[in-house]
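Novice: Below is the structure I would like to discuss, written out as structure tokens.
The values are calculated or read from the model by the stated rules, or taken from the named source; none is laboratory data. Just so you know, these numbers come straight off a predicted model, no measurement behind them. Every residue, glycine among them, receives a Cβ derived from its backbone with ideal geometry; neighbour counts consider all protein chains shown.
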Amino acid sequence: MKPLLERIVAARYCVGCGLCAALAEPGAIEMAEAADGFLAPRRLRPGADPAGLRESCPGITLRQERPHRGAERIYGPFESLWAAHAADADLRHRASSGGCISALLAFLLDRRQIDGVLHLGRADGDPLRTVAGLSTTRADVLRRAGSRYAPGSLLAGWRELMESGRKIAVVGKPCDVAAVDRWLARHPEHRAQVVCAISFLCMGQPSQRATRRLVAALGVAEADVRDFRYRGEGWPGAATAVDAAGQPHAMSYEESWGRILCKDVNFRCKICPDGFGELADISCGDAWHVRAGRPDFAERPGRSLAFVRSARGRELFAAARAAGYLVAEPFPAEDLPAIQRSQVQRKIYAGVRLAALKLLGDRLLDFSGFCLLANLRQARFSDAIRNFWGTLRRRSAA
Ligand SMILES: Cc1cc2nc3c(=O)[nH]c(=O)nc-3n(C[C@H](O)[C@H](O)[C@H](O)COP(=O)(O)OP(=O)(O)OC[C@H]3O[C@@H](n4cnc5c(N)ncnc54)[C@H](O)[C@@H]3O)c2cc1C
């Protein structure tokens with residue numbers, strides 16, 4: 001039988017986080033773009049699987065150990081729910097939604113509660129690439145604000161970062177934060193270094209090929225792109241490529257996500273039971289306004305949705321508000337289905353999708369504590385069948 005690492009990749013369960021490279025001996029594994037445009041581990045020398053891969057890889061193992069009550073079965077355990085935005089108008093404008101995440105990070109750095117923030121941002125000299133970096137100043141945080149709808153390995157350098165002894169905050173997709181959670185379960189000695197883990201609602205990570213398609217649709221040759229953002233500079237803001245002559249070429253968020261990016265999302269994301277970032281201290285999303293029962297994507301000053309999920313999250317959120325970094329008002333949980341419909345649907349039917357894969361012989365996926373069975377009570381029979389067949393079809397096509 002192939003080693004586990006190769007089986008995870010072959011089954012298309014790899015999320016590209018890079019934790020396997022951190023678990024392995026230094027220099028044994030690197031993350032590289034595969035032919036499908038997603039990042040995957042590549043062995044630099046033959047060897048056994050990294051120690052702890054089975055129970056740590058978030059592509060195959062997800063553990064939610066906290067209990068859920070009522071609506072938390074869909075959204076994950078949370079203490080409070082807010083519509084929030086950065087008090088700093090520039091940050092709010094530049095960020096993806098309301099800049100809630102970046103405002104929290106700026107607060108932590110300004111108050112010297114952390115030495116740095118590990119998060120993703122555009123690569124220096126290549127605005128189409130997404131890479132991990134350690135932000136140590138507010139200017140760094142501002143530079144890395146905004147959503148990157150593309151692969152980026154957050155955790156390949158995680159072991160070195162932990163061994164450096166630095167205190168950090170980490171921002172990542174729900175699967176990135178799940179990987180951090182698993183690492184800390186194996187390395188409790190590093191717990192105090194991770195002051196806060198922040199996530200966002202994630203409907204799935206598009207491939208790098210999707211970014212190339214988006215740039216082509218904007219009418220700019222890749223070599224001519226001088227600057228690029230997926231959204232931001234307003235809410236939701238437009239996907240914008242700036243060409244060699246300094247001309248911006250833009251496409252609305254609805255079109256860039258709905259017509260291009262969401263069409264090429266990682267297979268593993270389609271069966272994800274954790275789109276809401278349940279394992280984070282705070283997870284943020286878009287607090288869209290509702291019009292005729294649907295999210296309204298008309299341009300407005302940004303608003304982040306913020307689930308405060310832990311005592312650490314509560315303290316940080318309250319302190320950032322009290323210090324004037326964040327402006328927040330309670331957000332009614334009853335409005336969530338209207339603004340996060342796809343997320344809610346994916347959570348309800350995650351159990352059906354998983355069952356389809358198990359029927360096809362899957363022995364790798366091990367998701368526990370996400371109420372997959374209980375949520376099926378909300379499923380409609382016809383939609384359950386559709387989700388079941390859809391997963392079988394997608395898997396067979398893979
Ligand atoms: C792939 C993807 C799917 C998403 N799906 C949804 C969804 O279904 N519903 C929803 O409401 N919101 C979704 N979002 C989140 C939304 O776009 C905003 O990121 C979120 O609302 C937080 O906004 P903010 O203004 O508070 O964050 P900002 O202040 O702009 O900060 C964003 C932070 O996220 C980090 N980041 C950006 N892209 C990535 C990435 N790909 N991987 C890891 N870290 C990253 C940045 O480094 C930065 O620290 C998604 C984002 C991404 C990248």
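Novice: Tell me which residues, restricted to segment 339-367, are within 12 Å of the ligand (Cβ to nearest atom) and of a type in the set (A, V, I, L, M, F, W, C).
Specialist: Ile339, Val344, listed by residue number.
Conditions (1) modelled with pLDDT under 95; (2) within 30 Å of Ala86 (Cβ to Cβ), marked per residue:
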residue: Glu315; (1), (2): no, yes
residue: Ala318; (1), (2): no, yes
residue: Gly324; (1), (2): no, yes
residue: Tyr349; (1), (2): no, no
residue: Ala355; (1), (2): no, no
residue: Arg380; (1), (2): no, no
residue: Thr391; (1), (2): no, no
residue: Arg395; (1), (2): yes, no
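Novice: Testing Pro337 on (1) under 20 Å from the mean Cα position of the chain (by Cα); (2) crowded, with 18+ Cβ neighbours inside 10 Å, one condition comes back false. Which one is that?
Specialist: Condition (2) is where Pro337 drops out.
Novice: Can you tell me which condition Phe370 does not meet? The list is (1) without any contact (Cβ under 8 Å) to a residue 40 or more places away in the chain; (2) assigned to a loop (DSSP other than H, G, I, E, B), and all the others hold.
Specialist: Result: Phe370 passes all but (1).
Novice: Given segment 229-303, what strands (runs of 3 or more DSSP E) lie entirely inside it while holding 2 or more residues that are closer than 25 Å to Ala86 by Cβ and within 11 Å of the ligand (Cβ to nearest atom)?
Specialist: In segment 229-303, 282-286 are the strands (runs of 3 or more DSSP E) which contain 2 or more residues that are closer than 25 Å to Ala86 by Cβ and within 11 Å of the ligand (Cβ to nearest atom).
Novice: Considering only helices (runs of 4 or more DSSP H) fully contained in segment 1-114, which possess at least 3 residues that are surrounded by 17 or more Cβ atoms within 10 Å (Cβ to Cβ) and away from the ligand (no atom under 16 Å from the Cβ)?
Specialist: The helices (runs of 4 or more DSSP H) meeting that bar are 4-10, 19-23.
Novice: Pick from segment 155-167 the residues that are surrounded by fewer than 24 Cβ atoms within 10 Å (Cβ to Cβ) and aliphatic (A, V, I, L, M): which of them is nearest to the ligand (Cβ to nearest atom)?
Specialist: Ala156
Novice: Given the residues Gly204, Gly152, which is the only one that is at pLDDT 95 or above, within 13 Å of the chain's Cα centre (by Cα), surrounded by fewer than 22 Cβ atoms within 10 Å (Cβ to Cβ) and not acidic (Asp, Glu)?
Specialist: Unique residue meeting the criteria: Gly204.
Novice: Which count do you get for residues in segment 115-140 that are near the ligand (Cβ under 10 Å from one of its atoms) and out of contact with any strand residue (DSSP E or B) (no Cβ under 9 Å at 6 or more places or on another chain)?
Specialist: 0
Novice: Another question, then. Which of (1) within 28 Å of Arg66 (Cα to Cα); (2) surrounded by fewer than 17 Cβ atoms within 10 Å (Cβ to Cβ) is the odd one out, the single condition Ala287 does not satisfy?
Specialist: Result: Ala287 fails condition (2) only.
Novice: List the helices (runs of 4 or more DSSP H) that sit entirely inside segment 128-227 and contain at least 1 residues that are farther than 18 Å from Pro41 by Cβ and of a type in the set (S, T, N, Q).
Specialist: The qualifying helices (runs of 4 or more DSSP H) are 208-217.
Novice: What residue, of Ala95, Ala83, Ala48, Ala71, is touching a residue at least 24 places away in the same chain (Cβ under 8 Å) and closer than 23 Å to Leu134 by Cβ?
Specialist: Going through Ala95, Ala83, Ala48, Ala71 in turn, the sole match is Ala95.
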